[in-house]
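Below is one structure, written out as structure tokens, with a few remarks after it.
The values are calculated or read from the model by the stated rules, or taken from the named source; none is laboratory data. As the structure is a prediction and not an experimental result, all values here were calculated from the model. For neighbour counting, all protein chains shown are included, and Cβ atoms are generated from backbone atoms with ideal geometry for every residue, glycine included.
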Amino acid sequence: MVDYLPEDAQSTAAMDIMDQEFDGAVPNTRVMINDVTIQEALDYKDQLASIDGVSDVTWLDDAIDIKTPIEMADRDTVESYYRDNNALFSFSIREGDEVEVTDAIYDLIGEENAIAGEALNTATQQKMAFTETMYAAALLIPIIIIILVLSTNSWIEPVFFLTAIGVSVLINLGTNIFLGEISFVTQSVAPILQLAVSLDYAIFLLHSFSDYRQKAADPKEAMKLAMKRSFPAIAASASTTFFGFIALSFMNFEIGSDLGLNLVKGILLSFISVMVFLPALTLMFYKWIDKTQHRPLLPSFKNIGNGVMKLKIPSLILVFVLLVPAFLAQGQTNFIYGIGEQPESTRAGSDVVKIEEEFGKNTSMVLLVPKGDIAKEEELVEDLENTEHVKSVLSYVNTVSAAIPPEYLDQSVTEQFYSENYSRIILQTNTDTEGDTAFGLIEDVQHTAERYYGDAFYSLGESVTLYDMKNVVQKDNTVVNLLTVITIAIVLLVTFKSISIPVILLLTIQSAVWINLSVPYFTNSSLVFVGYLIVSTVQLAATVDYGILLTEEYKENRKEMPALKAIKKTIDEKIFSIAISASILSSVGFILWMTSSNPIVSSIGLLLGRGALLAFIMVVLFLPAMLLVFDRLIEKTTWKANFFKEK
């Protein structure tokens, strides 16, 4: 996730400077070895350091002179590294090799010892990304097939739907090779999201083809008419989703453009596949559709419009009562900016608990300050040692001695503290990697360094990166949501040639988004911010299709009958199609939530599953009520409405 921060972020610049100036990196891994003497711990330190990809192994011998009895040393310093015969090592794992290096460490330390840290989290997620995507797909495809079989009158039709979209998903995955690399979040989410969001296009086309087969004897003629009839609905549906995903590309935090570009590619490929490949496939094998016909497996949805219209007043009142609290609550949610914690049921999660039980929480942070003024550095280190939540500080002035000029010593002694231009100070803190306490400590440390060095210092470490991430993504949130709403409003304006319809549709879907995103606030749970940002865009872009489908049909029916009759007929005819679409998107979400151990992917899944259900409820209950109440306004603000007038 660090790679996706913008170039001008403070921690990105700090990382570049440290790479240029120092050989060592910020510690991103901790290993606890149980029941060892000091000499055995030193042997383990050597073995860890000898693993290819491990660097800067830090232990007690780097903080104190262990040739003297440790009872004489500062107790807090000793217990940061060695407590009750348990040794805790900190070190860095080379970026890009997390999986291989952590596997080698596991082989060395065995089952009884523990490993934790940012590098291990990355390795775990990378291992899981592919296998969990396959697992989710294996669960999802049978569910989608069942939903499609129930919604069609042919056993073979669902295969056509899935083939058309499946081909475009595979091509999209293949074209990622031209991007060089993609995030494992994108790898986990994009294929399944593409399938769920664009399956509607194939359903629209083949349902239309099925209708025209009853009117036209020639299948080719029926397909021409079906393509002409369904093209506006498919184009509008694809456009709203397309522009929603384009909005993600404007994020400063580049995980958005990584996922956005992937999904934009996917939507374009799905659209082309449905408008070019699916008609050809269907005309080639339409006899199979005829041969595999079966009776409808679900009862007819006639007269459901009557029941929905009886709920119009309660629906309007309930939504308008919920709207303001939901809007305010979704802006007050507590966010997680990193990957989050591993579940305790996993080895990685239980190891974290073991280390924290023995040594407490530990997060490393590095300060780079201009080299040269030893006295100023000594004062800064003293201030940092007295800062709340700082457990220990490693620097030249308190580890070697401020009294000995560094140039008198061998380079092997000074190189971890001094480069050509900078002095490096390593802090061990007892906070989480993120949260109010961790971010407050970063601000305290930065303000302390600022008093001595102005803005000539740099800070880095996992918690500093997450702090920068928080500051970057909060700005992104406003930009992305605004862009999504504006672009979708323009698509709706062009589609319906109306001023009022886009407002009603956006209010319907945006209300569902706000209610969905307010749930974590009312349940007092934290939300992974990347998931929140993606879902607030995806839910709006993907589920506005339901509203388009219902409103398009209502507009046509309204030309031939009064408003109440038109809305009842529309609900009877379209609730089934909308329910199929919503159930597929909802299934995708809930399966991602249940199958993924990556908190970001899991969070996206839960929000998407719940969001699709809420959008369905809003489109079926709230939208018809709004169309009925504002029927006269819609007529006056729609170009060439031609609504039916009773004589």
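Summary of values
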| read-out | value |
| --- | --- |
| Residue that is among the acidic types (Asp, Glu), assigned to a helix (DSSP H, G or I) and touching a Ser or Thr at 6+ places or on another chain (Cβ under 8 Å), where the choices are Asp468, Asp476 | Asp468 |
| All positions within segment 328-382 that are within 22 Å of the chain's Cα centre (by Cα) and polar (S, T, N, Q) | Gln330, Gln332, Thr333, Asn334, Gln342, Thr346 |
| Test: Ala566 is touching a Lys or Arg at 6+ places or on another chain (Cβ under 7 Å) and either closer than 21 Å to Leu311 by Cα or not in a helix (DSSP H, G or I) (or both) | yes |
| Only one of Thr282, Thr363, Thr346 that is closer than 30 Å to Ser401 by Cα and of a type in the set (Ser, Thr, Tyr) | Thr363 |
| Total residues in segment 390-425, condition among the small types (Gly, Ala, Ser) and either under 13 Å from Ala63 (Cβ atoms) or in contact with a Cys (Cβ under 6 Å, 6 or more places away or on another chain) (or both) | 2 |
| Residue match in segment 436-456 (condition: of a type in the set (Phe, Trp, Tyr) and either touching a His at 6+ places or on another chain (Cβ under 8 Å) or part of a loop (DSSP other than H, G, I, E, B) (or both)) | no |
| Hits in segment 592-608 (condition: buried (at least 22 other Cβ atoms within 10 Å of the Cβ), more than 15 Å from Ile336 (Cβ to Cβ) and modelled with pLDDT of 85 or more) | Gly605, Leu608 |
| Single condition Met134 does not satisfy, out of (1) modelled with pLDDT under 85; (2) buried (at least 16 other Cβ atoms within 10 Å of the Cβ) | (2) |
| Qualifying position, being in contact (Cβ under 8 Å) with a residue 40 or more places away in the chain and farther than 20 Å from Val601 by Cα, among Thr478, Thr465, Thr537 | Thr465 |
| Selected residue [part of a helix (DSSP H, G or I) and either farther than 19 Å from Ser154 by Cβ or at pLDDT 90 or above (or both)] from Leu199, Leu268, Leu206 | Leu268 |
| Exclusive hit being touching an Asp or Glu at 6+ places or on another chain (Cβ under 8 Å), assigned by TED's automatic domain parsing to the domain that holds Glu21 and surrounded by fewer than 16 Cβ atoms within 10 Å (Cβ to Cβ), set Glu388, Glu357 | Glu388 |
| Qualifying residue in segment 223-246 (condition: in contact with a helix residue (DSSP H, G or I) (Cβ under 8 Å, 6 or more places away or on another chain), assigned by TED's automatic domain parsing to the domain that holds Leu179 and not in a helix (DSSP H, G or I)) | no |
| In segment 496-527, residue surrounded by the fewest Cβ atoms within 10 Å (Cβ to Cβ) [restricted to those that are part of a helix (DSSP H, G or I) and without any contact (Cβ under 8 Å) to a residue 24 or more places away in the chain] | Val503 |
| Selected residue (only one of Ile617, Ile578, Ile634 is assigned to a helix (DSSP H, G or I), touching a residue at least 60 places away in the same chain (Cβ under 8 Å), surrounded by 20 or more Cβ atoms within 10 Å (Cβ to Cβ) and of a type in the set (Val, Ile, Thr)) | Ile634 |
| Criterion violated by Asp383 - all others in (1) free of Cβ contacts under 8 Å to residues at least 60 places away in the same chain; (2) assigned to a helix (DSSP H, G or I); (3) more than 18 Å from Leu460 (Cα to Cα) satisfied | (1) |
| Residues of segment 273-298 that turn out to be surrounded by 20 or more Cβ atoms within 10 Å (Cβ to Cβ) and at pLDDT 90 or above, as a count | 4 |
| Count of segment 391-410 residues which are exposed (fewer than 14 other Cβ atoms within 10 Å of the Cβ) and polar (S, T, N, Q) | 1 |
| Filtered residue count, segment 292-310, keeping only those that are touching a residue at least 24 places away in the same chain (Cβ under 8 Å) and of a type in the set (D, E, K, R) | 2 |
| Criterion: surrounded by 22 or more Cβ atoms within 10 Å (Cβ to Cβ) and either touching a His at 6+ places or on another chain (Cβ under 8 Å) or modelled with pLDDT of 90 or more (or both) - qualifying residue of Ala625, Ala612 | Ala612 |
| Boolean, Ile33 is in contact (Cβ under 8 Å) with a residue 24 or more places away in the chain and out of contact with any strand residue (DSSP E or B) (no Cβ under 7 Å at 6 or more places or on another chain) | no |
| Residues located in segment 177-196, provided they are among the hydroxyl-bearing types (Ser, Thr, Tyr) and either surrounded by fewer than 24 Cβ atoms within 10 Å (Cβ to Cβ) or touching a Pro at 6+ places or on another chain (Cβ under 8 Å) (or both) | Ser183, Thr186 |
| Sole exception among (1) without any contact (Cβ under 8 Å) to a residue 40 or more places away in the chain; (2) hydrophobic (A, V, I, L, M, F, W, C); (3) in a helix (DSSP H, G or I) for Val352, by number | (1) |
| Out of Ser577, Ser511, sole residue that is within 18 Å of Ala233 (Cβ to Cβ) and in the same structural domain as Ser602 (by TED's automatic domain parsing) | Ser577 |
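Okay, residues lined up against (1) crowded, with 24+ Cβ neighbours inside 10 Å; (2) free of Cβ contacts under 8 Å to residues at least 24 places away in the same chain:
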{"site": "Thr175", "(1), (2)": "no, no"}
{"site": "Ser198", "(1), (2)": "yes, no"}
{"site": "Gln214", "(1), (2)": "no, yes"}
{"site": "Ala222", "(1), (2)": "no, yes"}
{"site": "Lys228", "(1), (2)": "no, yes"}
{"site": "Ala236", "(1), (2)": "no, no"}
{"site": "Phe250", "(1), (2)": "no, no"}
{"site": "Val264", "(1), (2)": "no, yes"}
{"site": "Phe271", "(1), (2)": "no, no"}
